[in-house]
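Comments concern the structure below.
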Ligand code: KG4
Ligand code: ZN
């Protein structure tokens with residue numbers, strides 16, 4: 001293991017980290033990290049605007065690399081490799097981070113490792129606790145992704161389910177918009193839901209009970225809009241009922257995926273921004289118990305987009321001797 005500079009810019013967070021792959025504690029593994037959120041820039045639009053995101057990444061990324069190395073008390077020469085997200089994501093943003101990584105690799109002569117952002121999320125629980133052994137079942141729920149994966153080993157992933165329309169976080173964000181709660185919406189919906197009745201509004205549970213393994217949230221989102229427009233329900237009841245319906249869908253889909261996994265899973269793991277939701281974590285805890293598995297949820301700061309998970313994925317790849325050529329393409333779509 002080694003010192004890795006990690007760079008992430010695939011959505012609306014510009015992030016840089018220095019990872020020590022061989023350190024014994026999480027605090028020592030993340031030698032330094034910085035995250036610049038673009039929430040303010042996108043708030044007026046109620047969602048991420050790709051062109052604004054790409055420009056904002058380009059404005060801050062070079063000084064952030066310098067500042068993060070300074071925080072660590074290290075220089076580029078001390079790094080063993082540069083790991084940058086190479087996709088999937090908003091292509092303008094991915095290119096900013098990947099080109100920065102390539103330039104640093106070229107200038108320093110250090111190897112470049114292009115990381116699949118989803119692999120970053122998939123391995124983030126091992127950054128938090130490297131004793132978490134493969135294989136594990138991962139529920140990845142963020143603003144851009146909604147998948148269940150069997151994480152068999154480094155570079156070995158079997159996708160068991162994905163969304164056929166919206167990601168779970170996207171459904172929270174759109175519900176927040178419908179309820180006038182602002183962006184990003186997930187935490188606001190969760191706060192309001194605490195004051196509401198989760199059974200007040202009859203809402204659909206798309207695909208629950210179907211033999212099909214995938215997620216769908218578009219119908220739920222439309223039903224929330226219709227319920228709001230009916231004028232019959234209080235916003236807190238709408239928020240609570242939406243959250244309950246979404247969680248019921250996730251639990252049903254995850255139960256099916258666990259049944260489809262190989263029998264030797266070491267844990268049920270949840271990662272991605274929506275893993276911050278306490279009601280979801282509670283429901284998953286019960287489901288994992290049902291399956292006789294521990295529920296592993298990395299600290300929320302490692303669940304949302306960050307560069308530490310990219311640096312960690314780089315450290316795991318570097319340890320097995322992997323690197324990429326400097327003409328590695330940026331990929332808007334890149335299934336694991
Ligand atoms: O992983 P992340 O930071 O970025 C993406 O890769 O998308 O996830 C952000 C998503 C947003 O949709 C946000 O609304 C959602 O995670 N989120 C939540 C909560 N905190 C963040 N959703 C529900 N409840 C929360 N507490
Ligand atoms: Zn992400």
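In deg cm²/dmol, rounded to 500, what helix-only [θ] at 222 nm does the chain give when every DSSP H run of at least 4 residues adds -39500 (n - 2.57) and the total is split over its residues?
Mean residue ellipticity, 222 nm, calculated: -13500 deg cm²/dmol.
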Mind checking Rg over Rh on the chain, alpha carbons, Kirkwood formula for Rh? 0.98
Rg from C-alpha atoms of the range 245-336, normalised by the globular rule of thumb 2.2 N^0.38 Å, equals 1.33
What full-extension length gain, to one decimal in nm, is calculated for residue 52 and residue 177 as 0.36 nm per residue of separation minus the Cα-Cα distance? 43.0 nm
I'd like the orientation of helix 91-108 relative to the chain: the angle between its Cα long axis and the longest Cα principal axis, in ° from 0 to 90, rounded to 10. 20 degrees
Can you compute the FRET efficiency between residue 99 and residue 210 using 1/(1 + (r/R0)^6), with r the Cβ-Cβ distance and R0 = 41 Å? Round to the nearest 0.05. 0.40
Once the Cα atoms of helix 308-319 and of the chain are each reduced to a long axis, what angle between those two axes, in degrees from 0 to 90 to the nearest 10, is obtained? 50 degrees
Apply 1/(1 + (r/R0)^6) to the Cβ-Cβ distance of residue 222 and residue 301, taking R0 = 30 Å, and write down the FRET efficiency to the nearest 0.05. 0.35
Once the Cβ-Cβ distance between residue 327 and residue 194 is put in as r, and R0 is 51 Å, what FRET efficiency do you end up with, to the nearest 0.05? 0.50
Compute the helix-to-body angle for 218-229: its Cα long axis versus the longest principal axis of the chain, expressed 0 to 90° and rounded to tens. 50 degrees
So how many Å³ per residue does the convex hull of the Cα atoms of the range 193-242 work out to? 71 Å³
Inter-probe distance in nm under a simple model that places probes 7 Å from Cα toward Cβ, at residue 264 and residue 77: 4.6 nm
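Work out how much length residue 62 to residue 37 would gain on full extension: take 0.36 nm times their residue separation and subtract the Cα-Cα distance, in nm to one decimal.
Result: 7.5 nm gained on full extension.
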Order by protection proxy (mean Cβ within 10 Å, highest first), peptides 106-116, 252-262: 106-116, 252-262
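Since every read-out is calculated from the coordinates, none of them should be taken as a lab result. Since this is a predicted model, take the numbers as computed values, not measurements. Cβ: placed from backbone, ideal geometry, glycine included. Neighbour counts: every protein chain shown.
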